[in-house]
Amino acid sequence: MSAPLSPPDRPRLPWDPPEHFEKRIPDGDNRERLVCGRCEFIHYQNPKIVAGAVCTWDDKGTEKILIAKRAIEPRKGFWTLPAGYMELGETTEQAAQREAREEACADIEIDRLLAMYSVARIGQVQIMYRARLLSPDVAAGVESEEVALVEMKDIPWEELAFPTVVWALAHFHESRGKKDFATYSNPTGDLAKMWPPRKPLGL
């Protein structure tokens, strides 16, 4: 049996495990878990699910994409797509719709699943949809400094917040005009190395 976890070098936070939990490999498992030293309860730590969407508006035949400038860390002041952590009791579609409302005061209709990205280094799975805006009336929510509807050619590529935003926009561009396509996943080649952010070749 391993020793209890050492206290963190900071004040305890609400999500820290209780002091009587310890790290060890439970019987029948193959990796260390947080296990209660009193009752053997296992506290599993699993990836978080992020849901979002590439949301578009048809402006007299010109397709425009909704982007939002982040008002919070990480990457405050950089542009992103509406997305965020799922809440309990939501479907991924509902989470994407809620995030669009919260970040850009936008009402959207989900079209179809665009991509699912695994971001193992930060313990996330990101699920991105294609979606249509029901109205061009958008505004910055509490987590956004500003929002904009821009054409693909006007996206501020060097100011995008995260690699997955670059991936989703590139994959959205590739899927344009297609009603049926395989769901995209983590890219390979040049797109996988698209950091610092910049405009992908061919766009």
task: Within the set of other residues whose C-beta is less than 14 Å from the C-beta of M86, count the net charge using Lys and Arg as +1 and Asp and Glu as -1.
output: -3
- prompt: Using the alpha-carbon atoms, what tilt in degrees (0 to 90, nearest 10) does helix 163-175 show relative to the longest principal axis of the chain?
  reply: 40 degrees
- request: Provide K60, K69, K76, K199 in ascending order of the number of other Cβ atoms located within 10 Å of each residue's Cβ, fewest first.
  value: K60, K76, K199, K69
- prompt: About its Cα centre, what dipole magnitude does region 71-188 give when the only charges are +1 on Lys and Arg Cβ and -1 on Asp and Glu Cβ, stated in debye to the nearest 20?
  reply: 500 debye
task: Tell me which residues come under 5 Å, amide H to amide H, from S144 once H is placed; ignore anything under 5 positions away on its chain.
output: A71
field: Cut-off 15 Å, label 7 Å out along Cα→Cβ of R198, residues of region 136-159 by amide N
entry: 157-159
task: Show the residues, 5+ positions off or on another chain, whose built amide H is closer than 5 Å to the amide H of D107.
output: L134, S135
Formal net charge of residues neighbouring P18 (Cβ-Cβ distance under 11 Å; K, R +1; D, E -1): -1
- prompt: For region 46-59, in order, what is each residue's ³J(HN,Hα) by Karplus, 6.51 cos²θ - 1.76 cosθ + 1.60 with θ = phi - 60°, in whole Hz (x at glycine and Pro)?
  reply: 10, x, 8, 9, 10, 10, x, 7, 8, 9, 10, 10, 8, 9
- prompt: With charges only on Cβ, +1 for K and R and -1 for D and E, what is the dipole size of the chain about its Cα centre, in debye, rounded to 20?
  reply: 520 debye
query: Do the alpha carbons of any pairs in K64/K179; K76/K153; K60/K199 sit beyond 20 Å of each other, and which pairs?
result: K76/K153; K60/K199
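Using only DSSP helix segments of four residues or longer, with each worth -39500 (n - 2.57), what per-residue ellipticity at 222 nm results for the chain after dividing by its residue count and rounding to 500?
Estimated from H runs of four or more residues: -4500 deg cm²/dmol.
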statement: Taking the dipole of the chain about the Cα centre (Lys, Arg +1; Asp, Glu -1; charges at Cβ), the one of I110, Q97, N186 that reaches farthest to the positive side is N186
- line: Partner lysines whose C-alpha sits under 28 Å from that of K23, ignoring same-chain residues fewer than 8 away, are K48
- prompt: Taking springs between alpha-carbon atoms closer than 10 angstrom, which of Y85, Y44, Y117 fluctuates most in the Gaussian network model of the chain?
  reply: Y44
query: Which residues' amide hydrogens lie under 5 Å from the amide hydrogen of G37, considering only partners 5 or more residues apart or on another chain, with H built in the peptide plane?
result: F21, E22
task: Would you tally the net charge around F181, using a Cβ to Cβ cut-off of less than 12 Å, leaving F181 out, and scoring K and R as +1, D and E as -1?
output: +2
Residue-wise HN-Hα coupling along region 28-40, computed from phi with Karplus coefficients 6.51, -1.76, 1.60 (Hz; x: Gly, Pro): x, 9, 10, 8, 5, 10, 8, 10, 5, x, 9, 10, 6
- request: Could you tell me which of rounded, prolate or oblate describes region 82-203, using a ≥ b ≥ c as the square roots of the eigenvalues of the alpha-carbon gyration tensor, with rounded for a/c under 1.5 and, failing that, prolate when a/b is larger than b/c and oblate otherwise?
  value: rounded
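Just so you know, all these numbers are worked out from the coordinates, no wet-lab data involved. Everything numeric here is computed off the predicted structure, so don't read it as measured data. Every residue, glycine as well, gets a Cβ built from its backbone with ideal geometry; the counts of neighbours run over all protein chains shown.
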